[in-house]
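**Student:** Below is one structure. I have some questions about it.
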């Protein structure tokens, strides 16, 4: 789905609201409130970095100047991804405006290059370290990540790359958190991720299908304030089971819904930075997946009968650079509602067949088509999610 605006709401920002009135605008009108007032039916995607107090103030200001019906319409349009729950305003907003679509990521949002070891220790995840190594050939360390970044992002990649910061805290390097990158990455793949179906998963992680009560900030000093606001409900992160195909390492934890995509988005970053300086024919570009001849970037839905045999064809998939394409079909079991494993025939072929379970009436199956190209720089990816509704 397209979004009216994508906004970063940071607790470090300030804005003025002088002269706001019914039907009026002013230079001091905040970016957030301007988005609220725009005559556009599409949802508004907001990423909260550092703290939610700016968004809280915008909602308060809007509520004092506009009708309850207008406020309700705005709240229902919002899709908020809270990156780290770094102040107490998120819980306050969810308590005061219970219809708001609010995602709280205490842990997955730090999985771009992490998380920090103490986070794993807090969750009692053993042997986690930093997850899969996707910054080859450098060391499995914070320093190794930054050496990768110096080569593929900062040095020799133009003015934009030169602005990319080394992540220093005090006198030492920390892992590549990504500066709140995880909340945005899901929007890159509209054929895979849906912010309105958070339990389906994607590059931004995977979350509960329904709101969950009182998921506190990971910061104890903030939690004490949150407890005073009364009950609040929001979407929160969930675990996946994933086996790294490179090392056969098994991950079954709350970080796995991001780890499973990390090689792909590290490669994506590397190749896209080449676009800043390289001629088109010397850079790599994403392949384009197609399902039954349809290459539109979207999620496919099929209503199917129990016991039916299904065949799908991705042969019309293409690569703009003429590279060879690898196909990988797989069932995202946690994303669907059918509980048992499903066998896929010819999962590495351009065509695939599977048998819809006879006892699956009323359930959904999620089949992922993942394609990658063979390029000397790095492989790039594209995806299509196929949702089988067994009816």
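**Student:** How would you rank 92, 102, going from fewest to most other Cβ atoms within 10 Å of each one's own Cβ?
**Tutor:** 92, 102
**Student:** Moving on to the next point. Using Cα springs under 10 Å in a Gaussian network model of the chain, which residue among 209, 50, 162 shows the largest mean-square fluctuation?
**Tutor:** Evaluated over the chain, the most mobile residue of the options is 162.
**Student:** Whole Å is fine, so just give me how far the alpha carbon centre of region 266-297 lies from that of region 151-202.
**Tutor:** 17 Å
**Student:** While we're here: Using DSSP, restrict attention to beta bridges with both residues in the chain and report what percent are antiparallel, rounded to the nearest 5.
**Tutor:** Beta bridges within the chain, antiparallel portion: roughly 60 percent.
**Student:** Let me ask something else about it. Test of understanding: what is the full-extension gain from residue 346 to residue 282, defined as 0.36 nm times their sequence separation minus their Cα-Cα distance?
**Tutor:** Full extension of this stretch gives 19.7 nm more.
**Student:** May I ask you to sort 273, 168 by Cβ crowding, counting other Cβ atoms within 10 Å and putting the fewest first?
**Tutor:** Arranged by neighbour count, lowest to highest, 273, 168 become 168, 273.
**Student:** Between region 213-255 and region 315-359, what is the C-alpha centre distance in whole Å?
**Tutor:** 29 Å
**Student:** For each of 208, 54, count neighbouring Cβ atoms within 10 Å of the residue's Cβ, then give the residues from fewest to most.
**Tutor:** 208, 54
**Student:** Label region 285-390 by shape, choosing from rounded, prolate and oblate, from the square roots a ≥ b ≥ c of the eigenvalues of the Cα gyration tensor; if a/c is under 1.5 it is rounded, and otherwise prolate applies when a/b is larger than b/c, oblate when it is not.
**Tutor:** Judged from the Cα gyration tensor, region 285-390 comes out prolate (a/c at least 1.5, a/b above b/c).
**Student:** Return the tail of the calculated pair distribution for region 153-238, meaning the percent of Cα-Cα pairs more than 22 Å apart.
**Tutor:** 52 percent
**Student:** Which of the following values of Cα Rg over 2.2 N^0.38 Å was calculated from the structure shown: (i) 1.21; (ii) 1.04; (iii) 0.99?
**Tutor:** Matching the structure shown: (ii).
Laboratory data are not the source of any read-out in this text; all were calculated from the coordinates shown. In this text, all values refer to a predicted model and were calculated from it rather than measured experimentally. When we count neighbours, we look across all protein chains shown, and the Cβ atoms used for this are built from the backbone with ideal geometry, even at glycine.
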